[in-house]
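Reading through the structure tokens given below for one structure.
The values are calculated or read from the model by the stated rules, or taken from the named source; none is laboratory data. Predicted, not measured: the structure shown is a model, and the values here were computed from it. Cβ coordinates were reconstructed from backbone atoms using ideal geometry, including for glycine residues, and neighbour counts include every protein chain displayed.
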Amino acid sequence: MKLLSAISATLLLGALPFFTSSNYVIGVAISACIFTTAAAALNLVYGYTGLLSFAQLGFWGIGGYATALTVMTFGGSFWLGLVWAALIDTAIALAIGYPAVRTNRHAFVIVTLAFALLVTLVARDWVSLTRGPLGIPGLPAPNLFGFEFKTTPLFYWIAYGYALLALGLLYALCTSRIGRTLVAIKQNEPLVRAQGISPVPYKLAAFAVGAAITGVGGGIYAFHLKIIDPLFLDFYYMQTFLIIVITGGAGSYWGVIAAGLIMSTLPEVLRFSADFRMIVYGVVLLLAVFAMPGGVGGWLHERRLARARAGLI
Amino acid sequence: MEVDATYLAQLTANGIILGLLYALIAVGLALIFGVLEIINFAHGELLMIGAYAMTFMLPAVGLLYWPSLAVATAVVALCGLLMYELFLSRLRPGEFERSILVTLALSIIILHVVQYAFSASPRIVDTQYGFDGWTIGAIRVTWTRIVGSGVALVAFVFLYVVLKHTRFGRAMRAVAQNREAALMVGVEPKVVARNAVALAAALCGMAGAALAPIQLVSPIMGQALIFKAFALIIIGGLGNVPGVIAAAVGLGLMESWVGGFFEIVWQETAVFVVMIAVLLLRPDGLFKQGTMRVG
């Protein structure tokens, strides 16, 4: 059932450019692919490992800037830029993660939030590298062996391919022995230690993998927008990733993906003005926290349990 | 590099004043964390409400500083009370992630409602003190800064007396140190939590009102300042009130010096680097972590 709906959704999304030629619809689909992937990366860090990380926003921005600067300033290709995005984000994640994961989870949240805010300030103030508030406009279309991804439908294949790749990798990771260890760390860290497993390398690895996946997503998204400026680090993105994970149910792989596809198209439907959109988002977050603490995934799980109980009688 | 003594003295004076105001913001965060174990992400927005209340009160009372400050403080204390009664009181202890999401959602809603209602453009605030300053030798400090840091100092003394010598404050410390034991001797955690949030909000509103004439008032002013307040409560040790004040003055000084001699990007980065270094060397903060202490 799950597999069937996953396969049909994959095929349906893959065939999207054949159904519509509207650049707007395909643009929304690109956002859906990238946001879902970034949210799934946050789910690995927060949902599975239990580390609420706001640093994802920083990694997103650094990935975007690294890719854009590789192409525009250092004359590399888009693909090389993505590799740099992943490498730089991994390195930074390890550097910040090492002191941060050893503290308590309260401190972890604050450190990652401070990091995200810092990246925004640096993007704005380090004018000689990032060109400050003016940003870097006119990012060119990616080019693979002479083939140019110059239209929106063609660019969609990059976003779609990356989403499949990253989500596949995350699926493999989450269902493996490592994924189960991460869940164990979230649920009972002293027990994990008692089993002779040191939680620090696992937490660091999850944090770094989440950072790299988010960074590459940011790089692709920057080239979709064709411009990068400090607004790329707007808290709106972090908010989106977090709402997707919360409404989908932290720690539920398919719940988060379903929520990602829905929540990234919903704001487009509800779009009156930029200010209202954020207010609606805030209210949705509040409602989700109070009404559905477990998210969609938690709600489905409860329902399944209830059905199993009813079957017993 | 040639260092001019006057310039250094000027930077030092500015740094101390800035640090005292940072401390006023961060103390509220530490108080809320100590009593409720919640990190209030909407704290920056409370600050911003205080600054806006000051902005709108000043013309109404003919630019008089003190009545406006009192009203702004009261308004924000009331906002804190509402925030607790409507949202925070519904959270059970130990629901750390939910508390973050709730305060984060409130922060986003307040920020964008204010932006929608009063536009995002920054405002300059004039008071009875105008933009005149006090000159000692070659250093010149504006009156609004001097009064602002005076307000902060008085607030710290007040906070010390409240926490140390009143039932109201002792109950807060009791809950912060041992929730169960406090419950056993008849301290009601909900009432104490409500008081703590209102007190923290009042301090934060006062900081916002004092900052309004010193810097530009805009909806995003809270976001920029709260980043430093978060770093401060990490450096000072979570829930440690005097530690936070000491860290804040140190940070204000450092920021002023770094900003005076290097490019502006280093000013922001330095704060973060210090925080990471402190975490690496002393994961519990610079000052011994413990339950809420005042002396």
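If I ask for residues that are in contact (Cβ under 8 Å) with a residue 24 or more places away in the chain and within 19 Å of residue B:194 (Cβ to Cβ), which ones from segment B:156-168 would you list? Spell out the reasoning first.
Quick first cut of segment B:156-168, residues in contact (Cβ under 8 Å) with a residue 24 or more places away in the chain only: B:156, B:159-160, B:162-164, B:168.
Scanning segment B:156-168 gives B:159, B:162, B:163, B:168.
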How many residues of segment A:27-50 are buried (at least 24 other Cβ atoms within 10 Å of the Cβ) and not in a helix (DSSP H, G or I)? The answer is 1
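Quick check: anything in segment A:125-134 away from chain B (no Cβ under 14 Å) and modelled with pLDDT under 90? Explain how you work it out, then say what you get.
If we filter segment A:125-134 for residues that are away from chain B (no Cβ under 14 Å), which is where we start, we get A:134.
Next, only the ones that are modelled with pLDDT under 90 stay: A:134.
Scanning segment A:125-134, I find at least one residue that is away from chain B (no Cβ under 14 Å) and modelled with pLDDT under 90, so the answer is yes.
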Scanning segment A:133-152 residue by residue, those surrounded by 12 or more Cβ atoms within 10 Å (Cβ to Cβ), part of a helix (DSSP H, G or I) and more than 22 Å from the chain's Cα centre (by Cα) turn out to be A:133
* Could you tell me whether any residue of segment B:118-139 is in contact with a helix residue (DSSP H, G or I) (Cβ under 8 Å, 6 or more places away or on another chain), surrounded by 16 or more Cβ atoms within 10 Å (Cβ to Cβ), under 15 Å from residue A:278 (Cα atoms) and not aliphatic (A, V, I, L, M)? => no
Listed by first then second residue, the pairs whose first member lies in segment B:216-234 and is outside any helix (DSSP H, G or I), whose partner is surrounded by fewer than 22 Cβ atoms within 10 Å (Cβ to Cβ) and among the charged types (D, E, K, R), with beta carbons under 6 Å and at least 6 positions apart or on separate chains, are B:217/B:123
In segment B:237-266, anything small (Gly, Ala, Ser) and modelled with pLDDT under 80 is listed as B:237, B:239
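Is at least one residue of segment B:156-167 within 22 Å of the chain's Cα centre (by Cα), among the β-branched types (Val, Ile, Thr) and surrounded by 13 or more Cβ atoms within 10 Å (Cβ to Cβ)? Spell out the reasoning first.
Step one: list which residues in segment B:156-167 are within 22 Å of the chain's Cα centre (by Cα), which gives B:156-164.
From what is left, the residues that are among the β-branched types (Val, Ile, Thr) are B:157, B:161-162.
Imposing the further condition that a residue be surrounded by 13 or more Cβ atoms within 10 Å (Cβ to Cβ) reduces the set to B:162.
Yes, there is a match, as at least one residue in segment B:156-167 is within 22 Å of the chain's Cα centre (by Cα), among the β-branched types (Val, Ile, Thr) and surrounded by 13 or more Cβ atoms within 10 Å (Cβ to Cβ).
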Looking across segment B:65-103 at residues that are outside any helix (DSSP H, G or I) and either small (Gly, Ala, Ser) or modelled with pLDDT of 85 or more (or both), the single one that is surrounded by the most Cβ atoms within 10 Å (Cβ to Cβ) is B:87
Note on segment B:110-132: residues within 14 Å of chain A (Cβ to nearest Cβ) and within 20 Å of the chain's Cα centre (by Cα) are B:110, B:111, B:114
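If I filter segment B:204-215 down to residues being of a type outside the set (Val, Ile, Thr) and assigned to a loop (DSSP other than H, G, I, E, B), which single residue comes out as nearest to the other protein chains (Cβ to nearest Cβ)?
The first filter runs over segment B:204-215 and keeps only residues of a type outside the set (Val, Ile, Thr), leaving B:204-213, B:215.
Those still in the list that are assigned to a loop (DSSP other than H, G, I, E, B) too: B:212-213, B:215.
Values: B:212: 22, B:213: 24, B:215: 16 Å.
Across segment B:204-215, the extreme among qualifying residues is B:215.
Residue-by-condition table, conditions (1) more than 23 Å from residue A:292 (Cβ to Cβ); (2) within 14 Å of another protein chain (Cβ to nearest Cβ); (3) touching a Cys at 6+ places or on another chain (Cβ under 8 Å); (4) of a type in the set (A, V, I, L, M):
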position	(1), (2), (3), (4)
A:189	yes, no, no, no
A:207	yes, no, no, no
A:213	yes, no, no, yes
A:217	yes, no, no, no
A:221	yes, no, no, no
A:234	yes, yes, no, no
A:238	no, yes, no, yes
A:252	no, no, no, no
A:263	no, no, no, yes
- Message: For the structure I just gave you, tell me whether residue A:57 is assigned to a helix (DSSP H, G or I), under 19 Å from residue A:135 (Cβ atoms) and within 13 Å of chain B (Cβ to nearest Cβ).
- Response: yes
Only unsatisfied item for residue A:18, checking (1) in contact with a Ser or Thr (Cβ under 7 Å, 6 or more places away or on another chain); (2) more than 30 Å from residue A:198 (Cα to Cα); (3) surrounded by fewer than 24 Cβ atoms within 10 Å (Cβ to Cβ), is (1)
In the set A:95, A:100, the lone residue that is within 14 Å of chain B (Cβ to nearest Cβ) and surrounded by fewer than 24 Cβ atoms within 10 Å (Cβ to Cβ) is A:95
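Could you count how many residues in segment B:142-158 are assigned to a helix (DSSP H, G or I) and either hydroxyl-bearing (Ser, Thr, Tyr) or at pLDDT below 90 (or both)? I'd like the intermediate steps shown before the answer.
Here is the first cut: in segment B:142-158, the ones assigned to a helix (DSSP H, G or I) are B:143-158.
Checking the rest, the ones that are also either hydroxyl-bearing (Ser, Thr, Tyr) or at pLDDT below 90 (or both) come to B:143-149.
Adding up the residues that qualify gives 7.
How many residues does segment A:32-42 contain that are polar (S, T, N, Q) and modelled with pLDDT under 90? Don't jump to the end; show me each part of the working.
From segment A:32-42, those polar (S, T, N, Q) are A:36-37; that's our starting set.
Adding the requirement that they be modelled with pLDDT under 90 leaves none.
Total meeting the criteria: 0.
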Residues of segment A:103-124 being more than 8 Å from chain B (Cβ to nearest Cβ) and within 19 Å of residue A:67 (Cα to Cα), in sequence order, are A:116, A:119, A:120, A:123, A:124
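Got at least one residue in segment B:220-233 being more than 14 Å from every other protein chain (Cβ to nearest Cβ), touching a Gly at 6+ places or on another chain (Cβ under 6 Å), surrounded by fewer than 22 Cβ atoms within 10 Å (Cβ to Cβ) and not β-branched (Val, Ile, Thr)? Give the steps one after another, and end with the answer.
Restricting attention to segment B:220-233, the residues satisfying the condition of being more than 14 Å from every other protein chain (Cβ to nearest Cβ) are none.
Scanning segment B:220-233 turns up no residue that is more than 14 Å from every other protein chain (Cβ to nearest Cβ), touching a Gly at 6+ places or on another chain (Cβ under 6 Å), surrounded by fewer than 22 Cβ atoms within 10 Å (Cβ to Cβ) and not β-branched (Val, Ile, Thr).
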Cβ pairs under 9 Å, 6+ apart or interchain, first in segment B:60-71 and touching a residue at least 24 places away in the same chain (Cβ under 8 Å), second surrounded by fewer than 13 Cβ atoms within 10 Å (Cβ to Cβ) and assigned to a helix (DSSP H, G or I), ordered by first then second residue, are B:68/B:60
Taking segment B:93-127 and keeping residues of a type in the set (Lys, Arg) and free of Cβ contacts under 8 Å to residues at least 40 places away in the same chain leaves B:98
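Limited to segment A:60-72, what total is found for residues that are of a type outside the set (S, T, N, Q) and more than 7 Å from residue A:218 (Cβ to Cβ)?
First pass over segment A:60-72, keeping only residues of a type outside the set (S, T, N, Q): A:60-66, A:68-69, A:71-72.
Then drop every residue that is not more than 7 Å from residue A:218 (Cβ to Cβ), which leaves A:62, A:65-66, A:68-69, A:71-72.
Here the count works out to 7.
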